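Notes follow the structure.
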Amino acid sequence: MSEFFGFNPATGGATALLAIAVLFVLTGRLVPRSVLRDTQADRDYWRAAHDEEAKARAAERELTNELLEVAKTADRVIAALPQAPSRREVRASGLDRTPDSTR
């Protein structure tokens, strides 16, 4: 049998096996089944949460791309509209129909 922590357990018998078990528990290599199941349940929970978040981010990315296309289209429509004359140009042309008190 190979050596664990620097000694051969076959030479020590039951005492050596007990010492190895205690060392495994203290170093965290041997954990109770309940702790293992809790850890696995936590892992599964966080994995599912991550997958759900990834789906939400993908949907958000898709909606953002759609909104960007709508904004680009609106920008093109606004850019294609004819430029309105300025207030100064309207007054200079004599087409200003506002009362004198608002000038």
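The values are calculated or read from the model by the stated rules, or taken from the named source; none is laboratory data. All values reported here derive from a predicted model rather than from experimental measurement. Because the Cβ atoms are built from the backbone with ideal geometry, glycine has one as well, and the counts that use them run over all protein chains shown.
Some observations on this one:
- Residue count for the range 22-38 satisfying the condition of being without any contact (Cβ under 8 Å) to a residue 12 or more places away in the chain, surrounded by 12 or more Cβ atoms within 10 Å (Cβ to Cβ) and of a type in the set (A, V, I, L, M): 3.
Residues checked against (1) modelled with pLDDT of 95 or more; (2) of a type outside the set (A, V, I, L, M, F, W, C):
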site	(1), (2)
VAL22	no, no
ALA49	yes, no
ALA54	yes, no
THR73	yes, yes
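- Residue satisfying condition, being on the phi < 0 side of the Ramachandran plot, free of Cβ contacts under 8 Å to residues at least 24 places away in the same chain and surrounded by 10 or more Cβ atoms within 10 Å (Cβ to Cβ), within set ALA84, ALA79, ALA49, ALA14: ALA49
- Matching entry among ARG97, ARG103, ARG91 (being surrounded by 10 or more Cβ atoms within 10 Å (Cβ to Cβ) and modelled with pLDDT under 95): ARG91
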